[in-house]
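Working notes, beginning with the structure itself.
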Number of protein chains: 2
Amino acid sequence: MLAPGCELDPDQEVVRTRPEDVPASPSTSTMIVSFLRPPSHASCTACGTVTFHIVERMASVIPASNSSMRSDRNTYVGKRFVHVKNPYLDLMDEDILYHLDLGTKTHNLPAMFGDVKFVCVGGSPNRMKAFALFMHKELGLEEAEEDIKDICAGTDRYCMYKTGPVLAISHGMGIPSISIMLHELIKLLHHARCCDVTIIRIGTSGGIGIAPGTVVITDIAVDSFFKPRFEQVILDNIVTRSTELDKELSEELFNCSKEIPNFPTLIGHTMCTYDFYEGQGRLDGALCSFSREKKLDYLKRAYKAGVRNIEMESTVFAAMCGLCGLKAAVVCVTLLDRLDCDQINLPHDVLVEYQQRPQLLISNFIRRRLGLCD
Amino acid sequence: MLAPGCELDPDQEVVRTRPEDVPASPSTSTMIVSFLRPPSHASCTACGTVTFHIVERMASVIPASNSSMRSDRNTYVGKRFVHVKNPYLDLMDEDILYHLDLGTKTHNLPAMFGDVKFVCVGGSPNRMKAFALFMHKELGLEEAEEDIKDICAGTDRYCMYKTGPVLAISHGMGIPSISIMLHELIKLLHHARCCDVTIIRIGTSGGIGIAPGTVVITDIAVDSFFKPRFEQVILDNIVTRSTELDKELSEELFNCSKEIPNFPTLIGHTMCTYDFYEGQGRLDGALCSFSREKKLDYLKRAYKAGVRNIEMESTVFAAMCGLCGLKAAVVCVTLLDRLDCDQINLPHDVLVEYQQRPQLLISNFIRRRLGLCD
């Protein structure tokens, strides 16, 4: 947990452990000390949590010979490569990207993906296919549309399409699902020696206090307590990571949105939850133990804290992309105003049009970046 | 957090809140008091967490007129209906099960699903389709195989197949993804007035200290700290729920396994994590900040605590099914021994055979239950 006003650098993390959760083991304290030098800690009498007020460098176990991997995204001056922060990876004879059905021995990843500059990720497989086909048309590429096939067809966990420098991948729903995909995607971009990659999550969300159909560009992802952090469990530690996104990229996207007629867009905080029903204060789940008044109180406090929409992937997306040197943005359309209702009951054609809005914005952005705009 | 030795009844929960996470609001304390009468609390000086040592009854906001919904699964004597624990649900004019593309006004749910007695859920859509087709054959039903179509074809979030009294549904990867599906599935079973339903999750997992291909029947699901609990964030509270599974059902399944030749099976604890890489101590993710020794130390401590396999859905599955009166089991095959390796590199035919093992066991179980065994 961060002290009030304490901001995390993308390469720095706060680690805490819950010793009462761990059977007495001489190695527990050793493990923490091995990558930390805690100057102080405080013990919680209620829950037993010990908080170490210390920052961790992700690369602290990297051998000296691999010290080039320590490079920080903030020190970038030339080509910006994707950083994996794992000293073991380059020692592996083969890397099987199991959930993508790809691997370093079975596929020529640099040849397949080396030219990728834009990665777009979204929950729904069908929507990511539609986005790839849309981008293909917008980029005016020569390749036949029929040749855009699911690169991950050997698995049904995710789907992946490539058109020119644009890669579109589905990630399923929720933090764990997108986290698996991101680990393997980041390794893929690393193995393929991609550089200067921009990654954007496009999705749907529930709005708070804004009209359905509004596109929200996330400035920072916050958790259920409205805090800009992602808590990652690693062995017996809870590591807190920054969820800041690329400010320049958000502003560039916002400027793009102004060029599209009738395209309501704003920049705001996005709340990321572990659950769609109880976790977002819905009254229509199989379980509900709170009142309508408490729900509204919670959502209004979220609004007051700057939250404009709620989804289920942005914190881990921001954290992992930040740590790995990927310029990242989150662009989600809202399908309802949660101050008004819980159920999504838009007419089908309206729903389809809303869902296309993030795709339209990203297409404009990519075309501008590639100098293809009028 | 539970005090040592404290066990949770499925209908009881421990609620705690993190007041430093919530902007000062007069309603915060009121909200907690409204469904709790905390006899004592302790404040954490390190993280600010306030823990209320109190149990919550899920049905505490249910009006007196709906008190029949308070029934506990332990008090069942006749037909066991599925309990939704949400007083608002029956007040709704229509319930749209958005992620299943079903609804109470658009579909006759009792006619479609009223005879369901066995629900099998698993991560992969293809595997759940394969299971439905396998069950169809095993049950010797008259309906043509081609008629077994994806009931949720209007969405790509989940897929669902029905054959006789067996419903097979995919749930994607991770706690949030299965949680959305379970909320909507439980409401579906409630709307369809199903009774005496048994639900089984079949899946793949990483083993600890056991041979790949072993089928693990879960006695209790534990979290990353080896504790039998699921922490659900509800508004500003963290609610701790029991993750116990049905003991009789586990033993019945284990007895079934003995009848299948060359079918290594055991009953043990299953650890459920939020992440496949760092969360399970893998050395092959895009991020890795710990050593091989620390990984092995963690996994060996898990083994010592009774954990025999690791997956990503069992805690929330056990918690939600327990609260809603569904007799539940988790049956996962292990694809590797995590004490030996991190990557899944089985030959394709071996992988396919292993993945079929939970299906084979469940098919035997269902056929026995229906009196179709020799």
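The values are calculated or read from the model by the stated rules, or taken from the named source; none is laboratory data. All of these numbers come straight from a predicted model, not from anything done at the bench. Glycine gets a Cβ as well: all are built from the backbone with ideal geometry, and neighbour counts include every protein chain shown. Just so you know, the surface numbers come from the protein's heavy atoms only, side chains and all, with ligands and any DNA or RNA stripped out. Shrake-Rupley method; radii C 1.70, N 1.55, O 1.52, S 1.80 Å.
Just a few scattered comments:
- Residue satisfying all of: in the stretch A:214-246; assigned to a loop (DSSP other than H, G, I, E, B) and over 22 Å from A:TYR303 (Cβ atoms); nearest to the other protein chains (Cβ to nearest Cβ) among these: A:LEU235
- So A:THR155, is it surrounded by fewer than 18 Cβ atoms within 10 Å (Cβ to Cβ), under 30 Å from B:GLN355 (Cα atoms), polar (S, T, N, Q) and more than 10 Å from chain B (Cβ to nearest Cβ): no
Yes or no, residue by residue, for (1) in a loop (DSSP other than H, G, I, E, B); (2) within 24 Å of the chain's Cα centre (by Cα):
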{"position": "A:THR106", "(1), (2)": "yes, no"}
{"position": "A:PRO110", "(1), (2)": "no, yes"}
{"position": "A:VAL121", "(1), (2)": "no, yes"}
{"position": "A:ALA130", "(1), (2)": "no, yes"}
{"position": "A:MET135", "(1), (2)": "no, yes"}
{"position": "A:GLU138", "(1), (2)": "no, no"}
{"position": "A:LEU141", "(1), (2)": "yes, no"}
{"position": "A:CYS152", "(1), (2)": "yes, yes"}
{"position": "A:ARG157", "(1), (2)": "yes, yes"}
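- Residue selected from the stretch B:93-126 under the condition of a type in the set (Val, Ile, Thr) and open to solvent by less than 10 Å² (accessible area, probe 1.4 Å), by the criterion farthest from B:GLU184 (Cα to Cα): B:VAL116
- Pairs meeting the criteria (first residue in the stretch B:256-276 and assigned by the TED database to the domain that holds B:ARG301, second residue among the aromatic types (Phe, Trp, Tyr) and in a helix (DSSP H, G or I), beta carbons under 7 Å, at least 6 apart or on different chains) are B:CYS256/B:PHE365; B:THR265/B:PHE254; B:ILE267/B:PHE254.
Quick grid of which residues meet (1) among the hydrophobic types (A, V, I, L, M, F, W, C); (2) open to solvent by 30 Å² or more (accessible area, probe 1.4 Å):
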position: B:LYS295; (1), (2): no, no
position: B:LYS300; (1), (2): no, yes
position: B:VAL330; (1), (2): yes, no
position: B:LEU370; (1), (2): yes, yes
position: B:CYS373; (1), (2): yes, yes
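- The one condition from (1) closer than 20 Å to A:ASN364 by Cα; (2) part of a strand (DSSP E or B); (3) of a type in the set (Ser, Thr, Tyr) that A:SER250 does not meet is (2).
- The stretch A:259-316, residues that are among the β-branched types (Val, Ile, Thr) and either assigned to a helix (DSSP H, G or I) or within 11 Å of another protein chain (Cβ to nearest Cβ) (or both): A:THR273, A:THR315, A:VAL316
- Qualifying residue in the stretch B:200-213 (condition: away from chain A (no Cβ under 14 Å), touching a Pro at 6+ places or on another chain (Cβ under 7 Å) and of a type in the set (A, V, I, L, M, F, W, C)): yes
- Within the span defined as the stretch A:334-351, every residue fails to be in contact (Cβ under 8 Å) with a residue 40 or more places away in the chain, in contact with a His (Cβ under 9 Å, 6 or more places away or on another chain), open to solvent by less than 10 Å² (accessible area, probe 1.4 Å) and assigned to a loop (DSSP other than H, G, I, E, B).
- Just one residue in the set B:GLY322, B:GLY281 is over 30 Å from B:ILE186 (Cβ atoms), open to solvent by less than 10 Å² (accessible area, probe 1.4 Å) and in contact (Cβ under 8 Å) with a residue 12 or more places away in the chain; that residue is B:GLY281.
- Checked against the criterion of being in contact (Cβ under 8 Å) with a residue 24 or more places away in the chain, of a type in the set (Asp, Glu) and either away from every other protein chain (no Cβ under 11 Å) or in a loop (DSSP other than H, G, I, E, B) (or both), the stretch B:362-374 contains not a single residue that satisfies it.
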